[in-house]
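Here's the structure, in structure tokens; my notes come after.
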Amino acid sequence: MATAAEGEGRERGRRYWRWSKVDFFPEPSFASWRSYGAALAATVPRLRERVASRSSDAVEAGTLLAESENPLRRCLSWVDLAFLGFGSVVGSGVFVLTGQEARFDAGPAIPLAYAAAGFSALLSSFCYAELATEIPSAGGSFSYLRVELGDIAAFLAAGNILLEAVVGAAGLGRSWTSYLAALLGRDTDALRIHVPALAEGFNLLDPIAVVVLISTSAVAMSGARLTSTLNSLASVVGIVIIAFVMALGFSHFDAGNLAPSFFPFGAAGVFRAAGVVYWSYTGFDMVATMAEETKNPGRDVPLGLISSMSAITLVYCAMSLALVGMQRYSEIDANAAFSVAFSAAGMKWARYIVALGALKGMTSGLLVGALGQARYTTQIARTHMIPPYFALVHPRTGTPIYATIVVTFGAACVAFFSSLDVLASVSSISTLFIFALVAVALLVRRYHVAGKTTAAQLRTFLAFLALVVLSSIGLSVYYNSRYARRWPGYVAFGAGWAAGAAGLALCAEQQRVPKVFGVPLMPWLPALSVATNLFLMGSLGTMAYMRFGICTAAMLVYYVLFGVHATYDVAHSGDSVVDNLELGKVADASTPPA
């Protein structure tokens, strides 16, 4: 039976605008400093328990919704999701990174870099599509990993999701300022404030990026339906501009610009570029976070995800080919490639069209990003890995306003100081890491069901899965080693991966059949997704790994000091969450605001 204090807490919970310690730290471990000290002393056994814990489909897509007090609203179709996918992905990446990577890494072969990155992203989108239809939760990959790989893997993904959200939004904000300057006919850094006392890469302050981030987030907070409508209209304009840019570019195409060598930096340069331009594809996973607000997730999410990613890959390859055909790669401007290329071809006026298209793409990316990032944050907060205060959904707008504010604040702080080259590598490695984990989670979901899979079946599955993962890592390491020019290593690691995937297909027994949409060519497609994501991770530089390692270490410190204790308390709170559901803590969408 609920106590009077608990009843009063529920009554308070119906008022959205509030601020108290219990809203942020409601768990017993944080009731007092003495309680917290006792919790820290019990860290090791609590960690052991949380490592072994698993969530369920029903909890992620049902029970946890109580923590938000009000529901997210089901108002989106597959067409909305397709436009959201297009809007979230086609931002600054193709306009900024194409020139940078063509000039310094891939040369005329930059379309192949986009094709490789797009192929990997498309494989991941298939994995996301199946999992989103099975677990239609706002948490996206975080929820999938909680169910299949457990709390620790989900927490590491959560930290990287939030890192990607902050860094990705900051990168778009910085690019917005650069292209606004180009539209005004000025240098790309002309609208930033130079502070010589700060370190290189952090010494160009960008107040315009901060204003843009706050403005787009304010729109996202007003409602998913309004944001989707605005994004769809903007995407139509963007498609027209992109078509114009490609038509103009191919009309000045000179095959001589692809000579004398199509691969001036070798295959290694193409894969290095693929690892960086993968940032241009980030954002499609935001579509999966909208499953909770989709009218028919089983049909709409796969259609929206796969159709948008297929179209985007073709567009990126065509745009990059137009660029290197219009201007020799060694003459491409790394900061404003398309604008400068058109100017060199005698079409200075076209740079304004390019800048307008880039600004449109970045604005759409920020709008959709604000939607998806807040949904990720909401689900993470529902589990109490971060304070549950950020899980609250506003009763009138049906959006998680607090979650949107905290991500926007972080992105604005980063965007104010950090340059784009610093941000791109950090975002890419976090994204690739999460996508690889999601592919592994899908394999686990198909081949292991607690209480059904026998010990022998589990051993067989884990052995072949380990062979797939270790061979993929080995191939990536070998390719980036001093032995990269020798073929025996590729044969050995390739054979190991093929043996692992074939073993899963022939020797391991699938334990679960998808209810609506299933990834084709199981287990080959998700196994290939693991390999491509890990391979592209290996193509990134040492500095990206150093930043990734530092961020991961900070995440683990936070988990040991806070996350493990909060989630442990929730897991041992009896049926409190179920009680909240039964008492109607989740209000009906039609309930008027308190």
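Data overview
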quantity: Helices (runs of 4 or more DSSP H) contained in segment 320-439 and holding at least 1 residues more than 30 Å from Ser56 (Cβ to Cβ) and charged (D, E, K, R); calculated: 350-382
quantity: Residue match in segment 359-372 (condition: touching a Lys or Arg at 6+ places or on another chain (Cβ under 9 Å), closer than 27 Å to Ile193 by Cα and buried (at least 21 other Cβ atoms within 10 Å of the Cβ)); calculated: no
quantity: Extreme residue, farthest from the chain's Cα centre (by Cα), among residues of segment 268-297 that are crowded, with 18+ Cβ neighbours inside 10 Å and among the small types (Gly, Ala, Ser); calculated: Gly269
quantity: Ser228 vs. criteria in contact with a helix residue (DSSP H, G or I) (Cβ under 7 Å, 6 or more places away or on another chain) and within 30 Å of Leu392 (Cβ to Cβ); calculated: yes
quantity: Search result, residues across segment 149-175 that are over 12 Å from Ala411 (Cβ atoms), surrounded by 24 or more Cβ atoms within 10 Å (Cβ to Cβ) and more than 14 Å from the chain's Cα centre (by Cα); calculated: Asp151, Phe155, Ser175
quantity: Ser215 being open to solvent by less than 50 Å² (accessible area, probe 1.4 Å), in contact with a helix residue (DSSP H, G or I) (Cβ under 9 Å, 6 or more places away or on another chain) and in a helix (DSSP H, G or I); calculated: no
quantity: Hits in segment 190-212 (condition: open to solvent by 40 Å² or more (accessible area, probe 1.4 Å) and closer than 25 Å to Ile401 by Cα); calculated: Pro207, Ile208, Val211
quantity: Members of segment 270-283 found to be part of a loop (DSSP other than H, G, I, E, B) and within 15 Å of Ala436 (Cα to Cα), listed by number; calculated: Thr282
quantity: Number of the condition not met by Asp285 [criteria: (1) in contact with a helix residue (DSSP H, G or I) (Cβ under 7 Å, 6 or more places away or on another chain); (2) at pLDDT below 85; (3) under 20 Å from Ile110 (Cβ atoms)]; calculated: (3)
quantity: Tally, over segment 510-528, of residues that are over 23 Å from Thr431 (Cα atoms) and open to solvent by less than 20 Å² (accessible area, probe 1.4 Å); calculated: 1
quantity: Filter result (under 12 Å from Pro297 (Cα atoms) and either part of a loop (DSSP other than H, G, I, E, B) or within 15 Å of the chain's Cα centre (by Cα) (or both)) within segment 132-148; calculated: Ala132, Ile135, Pro136, Ser137, Ala138
quantity: Segment 458-509 - residue that is closer than 24 Å to Phe433 by Cα and among the β-branched types (Val, Ile, Thr) and, of those, most open to solvent (accessible area, probe 1.4 Å); calculated: Val477
quantity: Answer residue from segment 136-148, given it is of a type in the set (A, V, I, L, M) and modelled with pLDDT of 90 or more and is surrounded by the fewest Cβ atoms within 10 Å (Cβ to Cβ) among those; calculated: Val147
quantity: Pairs where the first residue, in segment 394-408, is in contact (Cβ under 8 Å) with a residue 12 or more places away in the chain and on the phi > 0 side of the Ramachandran plot and the second is of a type outside the set (A, V, I, L, M) and assigned to a loop (DSSP other than H, G, I, E, B), C-beta under 8 Å, 6+ apart; calculated: Gly398/Asn70; Gly398/Pro71; Gly398/Arg73; Gly398/Gly223
quantity: Which numbered condition Ala450 fails, given (1) surrounded by fewer than 18 Cβ atoms within 10 Å (Cβ to Cβ); (2) in a helix (DSSP H, G or I); calculated: (2)
quantity: Helices (runs of 4 or more DSSP H) completely within segment 17-76 that count 1 or more residues being more than 26 Å from the chain's Cα centre (by Cα), surrounded by fewer than 17 Cβ atoms within 10 Å (Cβ to Cβ) and modelled with pLDDT of 85 or more; calculated: 21-24, 33-41, 43-52
quantity: Segment 299-355, residues that are modelled with pLDDT of 85 or more and in contact with a His (Cβ under 7 Å, 6 or more places away or on another chain); calculated: Met326
quantity: Qualifying residue in segment 529-551 (condition: open to solvent by 40 Å² or more (accessible area, probe 1.4 Å), within 21 Å of Ala484 (Cα to Cα), free of Cβ contacts under 8 Å to residues at least 12 places away in the same chain and out of contact with any His (no Cβ under 9 Å at 6 or more places or on another chain)); calculated: yes
quantity: Residue in segment 317-329 that is open to solvent by 50 Å² or more (accessible area, probe 1.4 Å) and within 29 Å of the chain's Cα centre (by Cα) present; calculated: yes
quantity: Segment 249-267: number of residues that are closer than 13 Å to Ala484 by Cβ and open to solvent by 40 Å² or more (accessible area, probe 1.4 Å); calculated: 1
quantity: Cβ-Cβ under 6 Å pairs, at least 6 apart or on other chains, segment 163-185 side without any contact (Cβ under 8 Å) to a residue 60 or more places away in the chain, far side part of a helix (DSSP H, G or I); calculated: Thr177/Ile208; Thr177/Ala209
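Here's the yes/no breakdown for (1) under 22 Å from Thr133 (Cβ atoms); (2) of a type in the set (Phe, Trp, Tyr); (3) at pLDDT 90 or above; (4) assigned to a helix (DSSP H, G or I):
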site	(1), (2), (3), (4)
Ala505	no, no, yes, yes
Gln511	yes, no, yes, no
Lys515	yes, no, no, no
Leu521	yes, no, yes, no
Leu525	yes, no, yes, yes
Met537	no, no, no, yes
Met543	no, no, no, yes
Met546	no, no, no, yes
Tyr559	no, yes, yes, yes
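The values are calculated or read from the model by the stated rules, or taken from the named source; none is laboratory data. None of the values given here were measured: they were computed from a predicted structure. Neighbour counts are summed over all protein chains in view; Cβ atoms, including those assigned to glycine, are modelled from backbone coordinates with ideal geometry. SASA here: full protein model, heavy atoms, side chains in, ligands and nucleic acids out. Shrake-Rupley method; radii C 1.70, N 1.55, O 1.52, S 1.80 Å.
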